[in-house]
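To start, the structure under review is shown below, and the notes come after it.
The values are calculated or read from the model by the stated rules, or taken from the named source; none is laboratory data. This is a predicted model, so every value here is computed, not measured. For neighbour counting, all protein chains shown are included, and Cβ atoms are generated from backbone atoms with ideal geometry for every residue, glycine included. With ligands, DNA and RNA removed, areas are computed over all heavy atoms of the protein, side chains included. Shrake-Rupley method; radii C 1.70, N 1.55, O 1.52, S 1.80 Å.
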Amino acid sequence: MVHNLHACGVFGKDERALSARAFPAPFSDDRTAFDRDRDRIVQARAFRRLAGKTQVFTSRASDHFRSRLTHTIEVTQVARQVARALNLNVDLAEALALVHDIGHPPFGHAGERALDACLKQHGLRFDHNLHALRIVERFEQRYAGHRGLNLTLGTREGIIKHSRDYTLQGHPGLAEYFLGQKPPIEAQLIDLADEIAYLTADLDDGVESGLLEIGHIREHVEILRQSYLIVERAHPEGEEKYVFHDALQAMQKTLILDLIHTTAENVERAGARSLQDIRELDHRVAILSSAAEALRLQEKRYLYDTLYTCPALELEHEKAEEVIREMFDFWVEFPEELPESYEEDVRTEGLARVVADYIAGMTDNFILLQYAEVRRRIRQGYGSLTGKRASQSDPL
Ligand code: MG
């Protein structure tokens, strides 16, 4: 089966329309508009900070684990492969993969949950896709003529819509992003590229950490069991950890090929012939077959039960939540301790949102340093921190 979805991809007049930027950008070189977006994203400070943010395991435990940056690069590998196999716009898919986690706060999902809980008390929510949009539109400042990275409409649409749909009612500020329509396939495929990358990586890092055991995974993760048997047959004398690694690669390949085939089949079945046809469908086309989806869910359930919620990681999560909560409360109570550059935003956005923005941008290490510093000052009864906080029962 030849998979050529070029007619439904972001090319030609659709590419030109989605290349629109809020501010003019001189076209002085050979790069496509999405190429330029990719380069701007890679040059962004928020992108570099992904190196210091937890994916699942903190870098304090080992240098071998994925960070959010290396996870991002692995998602990009998958996204490029899928986009290329389907003859879609690889530059757009690559830019979207590189930017897909740029809105994540420190400490992985525990950090995200904690920040969301803090904001809820102020009637607000934290959403990493919306935060990513704020980063690329406002917080990245490196150009003389404007705030933000001035990314194309296509990349900005993909940032918010790659993993979920937003309604105009709930988000009137997002009106320009074709709400009520499905995003291009290049954006749709990012969600599963992300899943496929981390489902592979987390088994690998789980074993590396000693929290998961190859024999147990083989017995309980059906998709891995299947690929393990095939690799084992080819390498009957192979050392377990290398057979396991090859089996992980085989598992990843199975999921990637399934995504490619199923996406092509769905487009064919829907009779879609253009990007507009894709947009007007009532469902996404970049999904797995029902058989592969069942295997994916089974593996995800396994990772939740045995890894993400295991006592060692839960302890980390609790610590992360405590740090985020304490620092959020601290800056809300003492806004004068925020960097001066945030003052104007406090006036326009409100204090709670600005504190969340500030925290969300931090690396794990940076917020831990802030936390240690605040605790040190509390212990010493220093400056404005004496009073209320020095009397707390848990002297930090
Ligand atoms: Mg991700």
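Filtering the stretch 147-188 down to residues that are within 16 Å of the ligand (Cβ to nearest atom) and under 17 Å from GLU15 (Cβ atoms), which residue is surrounded by the most Cβ atoms within 10 Å (Cβ to Cβ)?
In this case the residue turns out to be GLY158.
Looking only at residues that are outside any loop (DSSP other than H, G, I, E, B) and without any contact (Cβ under 8 Å) to a residue 24 or more places away in the chain in the stretch 37-72, which one is surrounded by the most Cβ atoms within 10 Å (Cβ to Cβ)?
It comes out as SER67.
Within the stretch 77-111, take every residue that is within 17 Å of LEU259 (Cα to Cα) and free of Cβ contacts under 8 Å to residues at least 60 places away in the same chain and give me the one that is most open to solvent (accessible area, probe 1.4 Å).
Per the criteria, the residue is ARG84.
Which condition does TYR198 not pass, out of (1) within 16 Å of the ligand (Cβ to nearest atom); (2) touching a Ser or Thr at 6+ places or on another chain (Cβ under 9 Å), if it passes all the others?
(2)
Among the candidates ALA114, ALA144, which residue alone is crowded, with 22+ Cβ neighbours inside 10 Å and assigned by TED's automatic domain parsing to the domain that holds LEU69?
One residue alone meets the criteria, ALA114.
Give the number of residues within the stretch 16-35 that are charged (D, E, K, R) and without any contact (Cβ under 8 Å) to a residue 12 or more places away in the chain.
4
Show the residue pairs meeting these rules: Cβ distance below 8 Å; 6+ apart or different chains; first residue within the stretch 122-148 and among the basic types (Lys, Arg); second residue part of a loop (DSSP other than H, G, I, E, B) and open to solvent by 20 Å² or more (accessible area, probe 1.4 Å).
Pairs that qualify, where the first residue is among the basic types (Lys, Arg) and the partner is part of a loop (DSSP other than H, G, I, E, B) and open to solvent by 20 Å² or more (accessible area, probe 1.4 Å), are ARG138/ARG147; ARG142/GLN43; ARG147/GLN141.
Here is a check on your reading of the model: is ALA79 farther than 18 Å from THR363 by Cα, within 16 Å of the ligand (Cβ to nearest atom), at pLDDT 95 or above and not in a loop (DSSP other than H, G, I, E, B)?
yes
Is there a residue in the stretch 359-369 that is outside the structural domain of LEU69 (by TED's automatic domain parsing), modelled with pLDDT of 90 or more and in contact with a strand residue (DSSP E or B) (Cβ under 6 Å, 6 or more places away or on another chain)?
Yes, the stretch 359-369 has at least one match.
What number of residues within the stretch 150-165 satisfy the criterion of being within 16 Å of VAL42 (Cβ to Cβ) and hydroxyl-bearing (Ser, Thr, Tyr)?
Of the residues in that region, 2 qualify.
Where in the stretch 102-198 are there helices (runs of 4 or more DSSP H), lying fully within it, with 3 or more residues that are touching a Gly at 6+ places or on another chain (Cβ under 6 Å)?
Where helices (runs of 4 or more DSSP H) fall fully within the stretch 102-198 and carry at least 3 residues being touching a Gly at 6+ places or on another chain (Cβ under 6 Å), they are 128-134.
Is it the case, given these coordinates, that ALA93 is closer than 30 Å to ARG36 by Cα and more than 16 Å from the ligand (Cβ to nearest atom)?
When the stated conditions are applied, ALA93 does not pass them.
I need the full set of residues from the stretch 117-132 which are within 16 Å of the ligand (Cβ to nearest atom) and open to solvent by less than 10 Å² (accessible area, probe 1.4 Å), in order please.
Selection gives ASN129, HIS131, ALA132.
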